[in-house]
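Structure first, then comments.
The values are calculated or read from the model by the stated rules, or taken from the named source; none is laboratory data. Since this is a predicted model, take the numbers as computed values, not measurements. With ideal geometry, Cβ positions are generated from the backbone for all residues, glycine too; neighbour counts draw on all protein chains shown. Ligands, DNA and RNA are stripped out before the accessible areas are found, and what is left, the full protein with its side chains, is counted by its heavy atoms. Shrake-Rupley method; radii C 1.70, N 1.55, O 1.52, S 1.80 Å.
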Amino acid sequence: MSTLVEIRDLAVTFGSGRSTVQAVRNVSFEVAAGESFGLVGESGSGKSTVLRAICGLAPITSGAIHVNGNSLKTPRDPAFYRKVQMVFQDPYGSIHPRHTIDRVLSEPLAIHGFKDTEARIERALEEVGLSKGFRFRFPHQLSGGQRQRVAIARALILEPQILLLDEPTSALDASIQAEVLNLLDALRVEKGLTYVLVSHDLAVVSHMCERLMVMQHGARVEELTRRALQNRAATQVYTRQLLVASEGFKSQ
Amino acid sequence: MSALSTRDWLLSDRPASRRQARLGQAYRTWSHLRANKLAMVGLGIVVVLILMAIFANIIAPYDPIRGGDLRTERLLPPSWAHLMGTDDQARDIFSRIVHGSRLTLMVVALVAVIATPIGLAVGTTAGYFGGWVDTVLMRITDIFLAFPRLILALAFVAALGPGIENAIIAIAITSWPPYARLARAETLTIRDADYIAAIRLQGAGSTRIIWGHVVPLCLSSVIVRVTLDMAGIILTAAGLGFLGLGAQPPQPEWGAMIAAGRRFMIDFWWVATMPGIAIFVVSLGFNLLGDGLRDVLDPKGET
């Protein structure tokens, strides 16, 4: 399989002088086309910052990011946004409170000059399992799970190849989590998407991703395959601790 | 469609069109506002002012500019023939106040139409871009804010020449800085929100983000502030009129009328008092309405 996203020695630094924060330190990984790649770590480990650096919301201090073999321009060009889209963690904060779902979905189409807006919006809603009745609602008339579906529809409406998922289910309760994860799984198979998923939840990552990387304090700890994770074949102490922590419930 | 089903249509959970969604939202805001008694009093006063301005020719019993017989009809006390008495030019004060509502309303409307967009544009641009854009725009705003409003308006009128149009321009130029500050503060709280990041990731340009996504969220607090400022605007216009720099005689501007009546304050109290009451009532109306709008429109109060 060909490499779709390649990250080499990425470092992200915020602030300057004494208040400098090194959010990401020399992280490298590759994601093949059609693959689902997980980034795992505790909060503050820099995993979300990696995603934000890919899509241009965080600065790249050093290192390089290649998508489809091309290095990224800053600011990103419109073609990049057609290829890479992101789903945010908090569905309550990621949809404009004064815009109807219709506006949320039609705006990206208008920006990129799509013609068949009506059909595309209806199809996008259908794909994420929302009925037509939702189209003209405001976000406050939707539940958290429904909002996250809208956010996924918004990300998919430009037909990207790569979806960046920033803890897409951590703000939802358990039953809705499973629904949204299954939806994401189904969409990936159907559309041949490539996922980069950030999560602190090892269960979510082992369900969704073929390969994953564990991060701590902005640096890489180790890279594992799903099988290695399921067999508890972690080589690093930190990863083992994470595994133990995620099992804390079961053993009791 | 019966009244009940219209209401159901407006409050529907599943609006079927863009128009229905928007009307439903407006209806919800309106029913919220209607519950506030004082705001409705304020709205009533503003509506009366608007109707008075539109139908001034029909309501006013006399000509506002040409007076009656100067020998017998000067400075008459309020009576059934002259509801608010007459002034020193034998003009019916009630008619002048009714026609003066046009000037007042024009001042208020034009200042709002000129100052609000300037304030919004400066504030949201400064807040959204930050950095040196923010510094430059906000220092300009500070310079305008540093002058007392009436003094700056006086300077502008003195430079542009007296007259109601120049007074309007002067007031508009001096009243946008608070809106810019307010819009900037609101913008700073929302510019890092995920929904702004999301639209940026959709490839939207800054203009689209500012006007389509930032401004709608700043608009409600700015509208509230503008409505509350209306009273101040009316008073500034009246103040300029009082100083002879606003509306020129014989225009029936309320502030100028008070200035003219000042000379007879002790003996003929109604000449200055009546326009004073008019200014007071209209200012109060706008304040009450603004207070009510704040309760309804303030996004932080929303559930």
Checklist outcome for this item: Long-range alpha-carbon pairs in chain B, meaning those over 28 Å apart, account in percent for 50
Item to check | In sequence order, calculated HN-Hα J values of the range B:58-70 (Karplus, 6.51, -1.76, 1.60; Hz; x Gly/Pro) | outcome: 7, 6, 5, x, 10, 6, x, 10, 8, x, x, 5, 5
Checklist entry - How big is D for the range A:3-251, in µm² s⁻¹ as a whole number, if Stokes-Einstein is applied with the Kirkwood radius of its Cα pairs at 4 °C and 1.567 mPa s? => result 69
Checklist outcome for this item: Checking B:ARG74, B:ARG139, B:ARG149 against a Gaussian network model of chain B (alpha-carbon springs below 10 Å), the top fluctuating residue turns out to be B:ARG139
Checklist outcome for this item: In units of 2.2 N^0.38 Å, the Cα radius of gyration of the range B:234-276 is 1.04
Next on the checklist: Please list, ordered by chain and number, the residues whose modelled amide H lies under 5 Å from the amide H of A:GLN216; skip anything fewer than 5 residues away on the same chain.
Outcome noted: A:VAL221
Next on the checklist: Output the 0 to 90 degree angle, nearest 10, between the alpha-carbon long axis of helix B:270-297 and the longest principal axis computed from the alpha carbons of chain B.
Outcome noted: 10
Item to check | Spatial extent of the range A:1-126: Rg and Dmax, with the Cα atoms as the point set, Å | outcome: 17.0, 53
Item to check | For A:SER36, residues with placed amide H under 5 Å, excluding near neighbours | outcome: A:TYR195, A:GLU210, A:ARG211
Item to check | Within chain A: Cβ-based charge dipole about Cα centre, in debye rounded to nearest 20 (Lys, Arg +1; Asp, Glu -1) | outcome: 360
Checklist entry - So what does log10 I(q)/I(0) come out to for the range B:34-140 at q = 0.11, 0.14, 0.21, 0.24 Å⁻¹, using the Debye formula with one equal point on every Cα and no solvent? => result -0.59, -0.73, -1.04, -1.14
Next on the checklist: Ranking request for peptides A:196-205, A:140-149: highest mean number of other beta-carbon atoms within 10 Å first, then the rest in descending order.
Outcome noted: A:196-205, A:140-149
Checklist entry - Between B:THR227, B:THR207, B:THR104, which gets the highest mean-square fluctuation from a Gaussian network model of chain B, Cα cutoff 10 Å? => result B:THR207
Next on the checklist: Take B:ASP63 and B:ALA81, extend 7 Å from each Cα along the Cα→Cβ direction, and tell me the distance between the two endpoints in nm.
Outcome noted: 1.8
Item to check | Two-site label geometry, A:ARG123 and A:THR225: point separation in nm, points 7 Å out along Cα→Cβ | outcome: 3.6
Checklist outcome for this item: XL table A:LYS47/A:LYS83; A:LYS47/A:LYS115; A:LYS73/A:LYS191; Cα-Cα > 32 Å flagged, in table order, is A:LYS47/A:LYS115
Next on the checklist: If you restrict to DSSP beta bridges whose two residues both lie in the range A:3-251, what percentage is antiparallel, to the nearest 5?
Outcome noted: 55
Next on the checklist: Semi-axes of the equivalent ellipsoid for the protein assembly as shown, please: Cα gyration tensor eigenvalues, times 5, square-rooted, ordered largest first, whole Å.
Outcome noted: 63, 26, 18
Checklist outcome for this item: Ranked by GNM mean-square fluctuation in chain B (Cα springs under 10 Å), the top entry among B:LEU23, B:LEU110, B:LEU83 is B:LEU23
Next on the checklist: What does the extension gain come out to for B:SER206 and B:ARG28, with contour length at 0.36 nm per residue minus their alpha carbon separation?
Outcome noted: 61.0 nm
Checklist outcome for this item: Residues whose modelled amide H sits under 5 Å from the amide H of A:VAL87, counting only those 5 or more places away in sequence or on another chain, are A:LEU164, A:LEU165, A:ASP166
Item to check | Shape box of the range A:128-191 [Cα atoms, principal axes, largest first, Å] | outcome: 30, 27, 18
Checklist entry - Any idea what angle helix A:237-251 forms with the longest principal axis of chain A, computed on alpha-carbon atoms, 0 to 90 degrees, nearest 10? => result 60
Checklist entry - Going by alpha carbons, how many degrees (0 to 90, nearest 10) lie between the helix axis of B:18-34 and the longest principal axis of chain B? => result 50
Item to check | Estimated vicinal HN-Hα couplings, Hz - the range A:126-136 in sequence order (Karplus 6.51, -1.76, 1.60; Gly, Pro = x) | outcome: 4, 4, 9, x, 10, 7, 4, x, 7, 4, 9
Checklist entry - In terms of the ratio Rg/(2.2 N^0.38 Å) built on C-alpha atoms, what value belongs to the range B:210-303? => result 1.45
Item to check | Top positive-direction residue, dipole computed over the protein assembly as shown with Cβ charges, set B:VAL107, B:ILE168, A:ILE7 | outcome: A:ILE7
Item to check | Carbon plus sulfur fraction of accessible area for the range A:3-251, probe 1.4 Å, in percent | outcome: 49
Checklist outcome for this item: Sequence order, the range A:73-82: Karplus ³J(HN,Hα) from phi using 6.51 cos²θ - 1.76 cosθ + 1.60, θ = phi - 60°, Hz rounded, Gly and Pro as x, gives 8, 10, x, 5, 8, x, 4, 4, 5, 6
Checklist entry - In peptide B:16-22, what is the residue-averaged number of other protein chain Cβ atoms found within 10 Å of each Cβ? => result 4
Item to check | Nearest-0.05 FRET efficiency for B:ARG71 and B:VAL41, computed from C-beta distance (R0 60 Å) | outcome: 0.90
Checklist entry - Short version: which residues of the range B:193-212 lose at least 10 Å² of accessible area, all chains versus chain alone, 1.4 Å probe? => result B:ASP194, B:TYR195, B:ALA197, B:ALA198, B:ILE199, B:ARG200, B:LEU201, B:GLN202, B:GLY203, B:ARG208, B:GLY212
